[in-house]
Amino acid sequence: MHRNATAVAEHLRTAGCAGEVRELPVPARTAAEAAAALGCPVGAIANSLVFLADGEPVLVLTSGAHRVDPVHTAAQLGAAELTRPGAAEVRAATGQPIGGVAPVGHPAPLRTVVDSALAGFDVVWAAAGTPHAVFPTTFAELLRVCGAEPVTVVP
């Protein structure tokens, strides 16, 4: 298993999570690819998207069925502006590549919010540090292990 996926698996174990990291035979860089590989609804995929809220990195875990509305989400975060950083900035903040960013296992804690739409799924799938690795979790568990707050990412 890739070192990023191993770090995520260790973080999950330490946090008391039951879900095991699973490596996929094909990369799942998008919610649609992950849903197809796992045989689940695209909405049950927790996309891990890094944004800059007034210049500070924030991790937005959104349902794969949603496209983050930057103006609405900035207001939810109490920020004036929400912008997308480049790949190098994402890797610097998370230690992980775009398409594989996990909710946990970063070099330092990131402010994290979770799309409340994910509460509608019994099982939510999240990336585990690489585009080939995922793990099952729940909305409540994501809030707990990430120290996150629920938000709406679309009006």
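The values are calculated or read from the model by the stated rules, or taken from the named source; none is laboratory data. Predicted model only: the values in this text are computed from it and were never measured. A quick note on method: Cβ atoms are made from the backbone with ideal geometry, for glycine too, and the neighbour counts reach across all protein chains shown. What goes into the accessible areas is simple: the full protein's heavy atoms, side chains included, and nothing from ligands, DNA or RNA. Shrake-Rupley method; radii C 1.70, N 1.55, O 1.52, S 1.80 Å.
How many angstrom lie between the Cα centre of region 114-155 and the Cα centre of region 30-92?
Centre-to-centre distance over Cα atoms comes out at 11 Å.
To the nearest 20 debye, what is the magnitude of the charge dipole of the chain about its Cα centre, counting +1 on the Cβ of each Lys and Arg and -1 on the Cβ of each Asp and Glu?
260 debye
Give me the percent of Cα-Cα pairs in the chain that sit more than 24 Å apart, rounded to a whole number.
Cα-Cα pairs in the chain separated by more than 24 Å: 23 percent.
Just want to confirm a number: the relative contact order over region 1-72, from Cα pairs under 8 angstrom separated by 6+ residues, in percent.
So the answer I get is 20 percent.
Most fluctuating residue of A108, A65, A28 in a GNM of the chain with Cα springs under 10 Å: which is it?
It is A108.
Return the carbon/sulfur percentage of the accessible area of region 1-54, one whole number, probe 1.4 Å, all protein chains in place.
Carbon and sulfur: 55 percent of the exposed surface of region 1-54.
Give the accessible surface of the chain per residue, rounded to a whole number of Å², with probe radius 1.4 Å and ligands, DNA and RNA excluded.
46 Å²
Would you compute, from DSSP H runs of 4+ residues alone, the mean residue ellipticity of the chain at 222 nm, taking -39500 (n - 2.57) per run and dividing by the full residue count, rounded to the nearest 500?
Result for the chain, helices only: -8000 deg cm²/dmol.
Please state the shape class of region 1-72: rounded when a/c is under 1.5, otherwise prolate if a/b exceeds b/c and oblate if not, all from the C-alpha gyration tensor.
oblate
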